[in-house]
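Report on the structure given below.
What follows draws every value from the coordinates through simple rules; no lab data is involved. Quantities reported herein were computed from a predicted structural model and do not represent experimental measurements. Cβ coordinates were reconstructed from backbone atoms using ideal geometry, including for glycine residues, and neighbour counts include every protein chain displayed.
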Amino acid sequence: MKILFLDSPAFAKQDMLGAFGECGITCDLFFHNAYHDRKNTDFDNAFDAAVESNSYDFVFSFNYFPILSNNCQRHGIKYVSYVYDSPLVALYSCSLINSCNYVFLFDKATYLTFHNSGIPTVYYLPLAANVKRLQAMTCPDEILSKIRSDVSFVGSIYNEDHNFFDRLDQISDFTRGYLNAIMDAQQKIYGCSFLEELLTPPILEDLQKNIPYQPMSDGTESAAYVYANYFLCRKITSNERLSLLKSASENFPLKLYTHKPSEELSNAIFMGPVDYYDTMPLVFKHSLINLNITLKSIQTGIPLRCMDIMGSGGFLLTNFQSDLLDFFVPGEDFAFYESKTDFIDKIRYYLSHEKERTQMIANCTGKMLENHTFVHRVHRILDVISQSHI
């Protein structure tokens, strides 16, 4: 079997290529810098040249790209998309219903949104980890002395200058107060997303006056979806991460791996960004507790960060994400917190209960190896393809 693999930047790309190889699938890499465009003649010509000179069983990409789907539809080639980002406005392209599509979504709530709307080209598929590679990694002493820690957090704080929400500088005081209120409520609630439905017509009108949004030329996304997920959810996540990490750093030694430090986290040890493949798994393995604070636009899905932590042999403390309960057991494989107080209590408890922590790591690592590698995901993709036809 031979496939064309979109060579776009993506976490775990090398692991997925390796999984295809283990399954006897040859991958030819394809890249054109217009892959984000909805229409581009140069991209079409490059794609034509690639597929007309070879025979491919399907085209694969991490995340969904309408231009790739439309080209596959034109050539009668299956298109497999494995989505790990949320939000992803490209999913609201009219091209999603193309019969060539096999779009695998890691967030069950997002999958159900499309599936329940009668779209037959979407499938639920959690993310994964290359457990064998992660478990085989060793840490040189000079690196170990730097990364060993009680508590670690790897990820963005979304404190970049001129973020989308902070650009809303012309909205009314009423709108700002309303948005702050619903964001504060959403920050306290796990397992239920209500922001989009609370963006009423008057609020949307004020937002549109400040930063107008119109759907893409082939898009069906609503303005409420975009404002809720790209403006509000990122701001909520920033607020939540700053609040929780500040509290953690005031109570425990905390190492923070992120691009931009914050003055609010002066007690944390700022470590800078970390390489995804070479160093991040070692951070997870040599931290007693690894924190995950999920981006709010991921409604129920298991973030790739959680899979990476568990696959690396790290202990995971995360916010509640209901998809985790489909495959893992709280208190047996991982721990989740339900509030800021619970967050601190859980850190304190598991730091002082090494035996429980070690057993939970062994439990989840075993489950990851048995059921949640990228090879498992490739087999699932092939099963779905074999059971349906263009």
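Here are some notes:
- Most positive-pole-ward Cα, Pro281, Phe174, Ser262, against dipole of the chain from beta carbon charges: Pro281
- Look at the Cα gyration tensor of region 301-363: its axes a ≥ b ≥ c give a/c of at least 1.5 with a/b at or below b/c, and that counts as oblate.
- Per-residue 3J(HN,Hα) values for region 229-244, derived from phi via the Karplus relation 6.51 cos²θ - 1.76 cosθ + 1.60 with θ = phi - 60°, read 8, 9, 9, 6, 5, 5, 5, 4, 4, 4, 4, 5, 5, 4, 5, 5 Hz in sequence order (x marks Gly and Pro).
- Annotation: amide H of Phe30 within the under-5 Å range of Phe5, Leu6, Asp7, sequence separation 5 or more or interchain, hydrogens built in the peptide plane.
- Rounded to the nearest 20 debye, the dipole size of region 1-101 about its Cα centre is 240 debye, using +1 on the Cβ of Lys and Arg and -1 on the Cβ of Asp and Glu.
- Under the combined filter of DSSP loop state and at most 13 neighbouring Cβ atoms within 10 Å, region 1-89 retains these chymotrypsin sites (Phe, Trp or Tyr not before Pro): Phe31.
- Rounded to the nearest Hz, the phi-derived 3J(HN,Hα) couplings of region 88-95 under the Karplus curve 6.51 cos²θ - 1.76 cosθ + 1.60 (θ = phi - 60°) are 9, 5, 4, 5, 8, 6, 4, 5, where x marks glycine and proline.
- Here region 131-371 is assigned +1 on the Cβ of each Lys and Arg and -1 on the Cβ of each Asp and Glu. Its dipole about the Cα centre then comes out at about 560 debye.
- When each of Lys13/Lys296; Lys188/Lys355; Lys13/Lys235; Lys132/Lys285; Lys108/Lys346; Lys146/Lys346 is checked by Cα-Cα distance, pairs over 22 Å: Lys13/Lys296; Lys188/Lys355; Lys13/Lys235; Lys108/Lys346; Lys146/Lys346
- Taking other residues whose beta carbon is less than 13 angstrom from the beta carbon of Tyr276, and scoring Lys, Arg as +1 and Asp, Glu as -1, yields -1.
- For a straight C-alpha distance cut-off of 19 angstrom, the aspartates and glutamates reachable from Lys367 (same-chain residues fewer than eight places away being disregarded) are Asp15, Asp308, Asp323, Asp326, Glu332, Asp333, Glu356.
- For region 367-380, backbone phi angles converted through the Karplus equation (6.51, -1.76, 1.60; θ = phi - 60°) give residue-by-residue couplings of 5, 4, 5, 7, 9, 9, 9, 5, 5, 4, 5, 4, 4, 5 Hz, Gly and Pro being listed as x.
- Selection from Ile211, Phe165, Gly191, by position along the positive dipole direction of region 139-247 (Cβ): Gly191
- For Tyr123, residues with placed amide H under 5 Å, excluding near neighbours: Val103, Phe104, Leu105
- Anisotropy class of the chain from Cα gyration tensor, a/c 1.5 cut: oblate
- Global geometry of region 139-290, whether rounded, prolate or oblate, following the gyration tensor of its Cα atoms and the 1.5 cut on a/c: prolate
- Label sites at Asp383 and Asp218, each approximated as a point 7 angstrom past Cα along Cα to Cβ, lie 3.1 nm apart.
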